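First the structure, in the form of structure tokens, and then the observations on it.
The values are calculated or read from the model by the stated rules, or taken from the named source; none is laboratory data. Here the structure is a predicted model, which is why all the values come from computation and not from measurement. As a convention, Cβ positions derive from the backbone with ideal geometry for all residues, glycine included, and neighbour counts pool all protein chains shown.
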Amino acid sequence: MNISSAKRFFCHAADTRRAREIQREIRKKLEKRRRIDFDAVDLIAAGDVSYRKEGFSKAAVVVYSRKRKKVVEEVVGKSATEFPYIPTFLSFREIPALIEVLEKLKSEPDIFIFDGQGIAHPIGVGLAAHMGFVLEKPSVGCAKSHLYGIYESPPNIKGAYTWVKEKTGEVLGVCLRTRKNVKPLFVSPGWGVDIPLCMDVVMETVTRYKLPDIMRRADFLTKN
């Protein structure tokens with residue numbers, strides 16, 4: 001993972017003009033080709049961040065091994081929350097806390113899932129796309145709510161999906177029903193993946209709940 005490059009593509013202060021310039025720079029360089037086959041994936045990592053009233057962010061990364069069918073590593077950390085909540089700039093708020101925990105990680109995940117958008121974003125650079133780019137690692141955006149793009153609700157069947165598209169018809173991701181009788185998730189490529197791979201990765205650890213188990217675990221760790 002190329003963690004050291006993250007600082008170049010980040011700004012701490014609420015400088016939305018500079019932040020937008022960074023997003024546009026990343027968009028030009030995003031790797032949209034599939035860089036890994038799902039059969040070759042062993043370690044899947046999920047990252048999440050929560051915010052505390054005390055003015056800091058708590059992040060967690062959970063790593064799951066497909067070969068061993070279990071979680072093999074969990075790391076947690078916190079850092080000051082310096083960038084305010086501004087829609088479409090989530091990555092600038094969450095990256096410092098995520099980098100803090102990724103520096104502690106001993107394993108080398110094959111692919112990451114982040115609780116946020118990939119390219120289904122007004123500029124095409126949501127949290128997962130931003131993180132995948134700076135880490136130079138395949139990444140998937142898996143969001144609980146819709147941010148950008150046109151879609152229709154998928155049938156009430158596990159695994160059903162509909163496309164999330166630009167007005168031009170360009171496909172940005174999918175609205176994916178991971179379980180029957182639950183609200184769908186919004187899944188989109190981050191860096192070095194395509195949509196079928198994104199869906200495979202998200203569905204890999206879905207069991208009793210709509211979120212993948214490793215995302216639920218990461219969320220739990222950030223709030224406790």
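Here are the numbers for this structure:
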| quantity | calculated |
| --- | --- |
| Where a residue in segment 85-103 is under 18 Å from Phe133 (Cβ atoms) and of a type in the set (S, T, N, Q) and its partner, wherever it lies, is at pLDDT 95 or above and buried (at least 23 other Cβ atoms within 10 Å of the Cβ), with Cβ under 6 Å and at least six apart | Ser91/Leu127; Ser91/His130 |
| Meets criteria (farther than 11 Å from Gly118 by Cα, at pLDDT 95 or above, over 18 Å from the mean Cα position of the chain (by Cα) and loosely packed, with under 14 Cβ neighbours inside 10 Å) for Thr168 | yes |
| Count - residues of segment 176-211 that are over 14 Å from Ser139 (Cα atoms) and out of contact with any Cys (no Cβ under 7 Å at 6 or more places or on another chain) | 17 |
| Some residue of segment 141-164 being at positive phi and buried (at least 22 other Cβ atoms within 10 Å of the Cβ) | yes |
| Number of the exception - Lys158 against (1) closer than 18 Å to Arg34 by Cβ; (2) outside any strand (DSSP E or B) | (1) |
| Complete set of residues in segment 89-134 that are out of contact with any Gly (no Cβ under 8 Å at 6 or more places or on another chain) and β-branched (Val, Ile, Thr) | Ile95, Ile99, Ile111, Ile123, Val125, Val134 |
| Qualifying residue in segment 35-45 (condition: among the small types (Gly, Ala, Ser), surrounded by fewer than 16 Cβ atoms within 10 Å (Cβ to Cβ) and assigned to a loop (DSSP other than H, G, I, E, B)) | no |
| Test: Thr168 is without any contact (Cβ under 8 Å) to a residue 24 or more places away in the chain and assigned to a loop (DSSP other than H, G, I, E, B) | yes |
| Candidates Thr207, Thr178, Thr222 - the one that is under 26 Å from Ser65 (Cα atoms), loosely packed, with under 15 Cβ neighbours inside 10 Å and of a type outside the set (A, V, I, L, M, F, W, C) | Thr207 |
